[in-house]
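Visitor: Handing you this structure, nothing more for now.
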Amino acid sequence: PTIGRLARTRSIPMIAPPTARACPGEVATGSPIRTRAKGWGPSTTIRANLEETVMVAGVRVHKHGGPEVLTYEQFDLPAPGQGQVRVKHHASGVNFIDTYFRGGLYPSPVGMPFVAGNEGAGEVTGVGPGVTDLKVGDRVGYTSALGAYAAERLLPADRAVKLPEKISYEQAAA
């Protein structure tokens, strides 16, 4: 996609505290990452969001239990890595198995804390290195290991399926 008016030079520091616990899509390195891109202009074609961390909201589980352990929080979502896409959710599936992960009947495949939800549909907002079948703006649906109860998430690109125009986000997430 063509990005509109962007600053000529931009530097984005992204730092996660060394004590941060990793959750799907979170950075917990404790080291700064600096990026600089020169010469961006209105006609420059780039892959959007490759080197940006964004703040998103989601429903996270920090300990096992009933619905009271669900917490609505904001957290950092880094740029997509190798073979990943970032998806902005328009719909998320709600399934009984989510209660099994939350309650501890099934162990979380991503550890604790985790963002609940296994299915979703939305728009690709970022594409990582090595992804050739998807681009920013594509409508996709998926099923994957946890992370759907968030405004945006990182997803292995091979788990995303392009949606035909006649399929709504809600239908795809169901």
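The values are calculated or read from the model by the stated rules, or taken from the named source; none is laboratory data. Computed from a predicted model, the values in this text were never measured in an experiment. Cβ atoms come from the backbone with ideal geometry, glycine included; neighbour counts cover every protein chain shown. In case anyone asks, the SASA skips ligands and DNA or RNA and just uses the protein heavy atoms, side chains included. Shrake-Rupley method; radii C 1.70, N 1.55, O 1.52, S 1.80 Å.
Visitor: What are the residues in the stretch 95-127 that are crowded, with 21+ Cβ neighbours inside 10 Å and farther than 14 Å from G65 by Cα, if any?
Guide: The answer is V115, G117, G120, A121, G122, V124, G126, V127.
Visitor: Any residue at all in the stretch 54-69 that's at pLDDT below 90, in a loop (DSSP other than H, G, I, E, B) and among the aliphatic types (A, V, I, L, M)?
Guide: No: the stretch 54-69 contains no residue that is at pLDDT below 90, in a loop (DSSP other than H, G, I, E, B) and among the aliphatic types (A, V, I, L, M).
Visitor: Give the residue, chosen from G81, G126, that is at negative phi and assigned to a loop (DSSP other than H, G, I, E, B).
Guide: G81
Visitor: Hey, another quick one. Which members of the stretch 75-94 meet the condition of being surrounded by fewer than 14 Cβ atoms within 10 Å (Cβ to Cβ) and either of a type in the set (V, I, T) or modelled with pLDDT under 95 (or both)?
Guide: Correct list: empty.
Visitor: Which of (1) hydrophobic (A, V, I, L, M, F, W, C); (2) part of a strand (DSSP E or B); (3) open to solvent by 30 Å² or more (accessible area, probe 1.4 Å) does V140 not meet, given it meets every other one?
Guide: Unmet condition: (3).
Visitor: Looking at this structure, is V127 under 27 Å from P164 (Cα atoms) and not acidic (D, E)?
Guide: yes
Visitor: Could you grab the pairs with beta carbons closer than 9 Å, sequence gap of 6+ or different chains, first residue in the stretch 146-174 and under 21 Å from T99 (Cβ atoms) and aromatic (F, W, Y), second one assigned to a loop (DSSP other than H, G, I, E, B) and open to solvent by 50 Å² or more (accessible area, probe 1.4 Å)?
Guide: The qualifying pairs are Y149/V94.
Visitor: Could I ask something else about it? Assess whether L146 counts as being modelled with pLDDT of 95 or more and either crowded, with 24+ Cβ neighbours inside 10 Å or in contact with a helix residue (DSSP H, G or I) (Cβ under 8 Å, 6 or more places away or on another chain) (or both). Working first, answer last.
Guide: Numbers: modelled with pLDDT of 95 or more: no; either crowded, with 24+ Cβ neighbours inside 10 Å or in contact with a helix residue (DSSP H, G or I) (Cβ under 8 Å, 6 or more places away or on another chain) (or both): yes.
Taking the combined requirement at face value, the residue does not satisfy it.
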